[in-house]
Amino acid sequence: MLLILFSLFSWAIIVRKWATFRRVDSKSRDFANLFRRSARLSEVNVVCEQYRDSPLAGVFSAGYQELNTQLKSLKTPQGTHPTLTDRNIQGIQRSLQRAAAAELSVLEKSLSWLATTGSVSPFIGLLGTVVGIINAFNGLGFEKTASVQAVAPGISEALIATAAGLFAAIPAYIAYNQFVSRLKGIATRTDDFAMEFINLLERSFN
């Protein structure tokens, strides 16, 4: 029963995460295209809510808010083009990094359960098999003959636990590796977007 619960929870997480990562890829692609096409950052900020499934939108929102804060701190006279210093750029970079870490931590949720299932389930199944075999051999003490026919049903039943452990562990382990790989790809894409955002600010406010 414990292994069945592990398996059910794992499959629920696998299905949900698969849908989440698929949605993230689609929204991130659309948001990046929108960002590159837009003439003003304010235009991108207005539609960020429509792309909330994309970590790029969260990173952009954090960077845009920090940009406005830095511009207000400059106290640039009216009619004068504001210029960001290296200190201002570094502050925006830190804001982007914090936002990227927060977005990735959200996507990492529940992956630890898949890792736990993949590593622990075989041992739980093996424990069940060992206990079953012990019970099967103990039952021989009450039999007059120690034949294979007497012990085989108990051993066969005990091996079901090992099979159940592997059945729960293998899909969880494969899915965990796939999701971690996709998460690394998203992290790389997020870092590239943050650098693209900073490069745009350096061109626009220098």
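Each value in this text was obtained by applying a stated rule to the coordinates, not by laboratory testing. All figures in this text were calculated on a predicted structure; none of them were measured in a lab. Note: ideal-geometry Cβ built from the backbone for every residue, glycine included; neighbour counts use all protein chains shown.
Descriptive notes on the structure:
- Rounded to the nearest 20, the size of the Cβ-charge dipole of the chain about its Cα centre is 540 debye, with Lys and Arg at +1 and Asp and Glu at -1.
- Reachable lysines from residue 17, criterion Cα separation under 27 angstrom, eight or more residues apart if same chain: 27, 109, 184
- Relative counts (whole %) of C-alpha pair distances in segment 2-204, using bins that are 5 Å wide: 1, 7, 12, 12, 11, 9, 8, 7, 6, 5, 5, 4, 3, 3, 2, 2, 1, 1, 0, 0, 0
- With K and R counted +1 and D and E -1, the other residues having a Cβ less than 15 Å from that of residue 37 yield a net charge of 0.
- Computed from point charges on the beta carbon alone (+1 for Lys and Arg, -1 for Asp and Glu), the dipole magnitude for segment 63-113 about its Cα centre is near 180 Debye.
- Kyte-Doolittle mean at least 0.0, axial Cα span of 20 Å or more - DSSP H helices of the chain: 2-37, 55-74, 111-139, 148-204
- Alpha-carbon centroids, segment 173-190 and segment 78-130: separation in whole Å: 11
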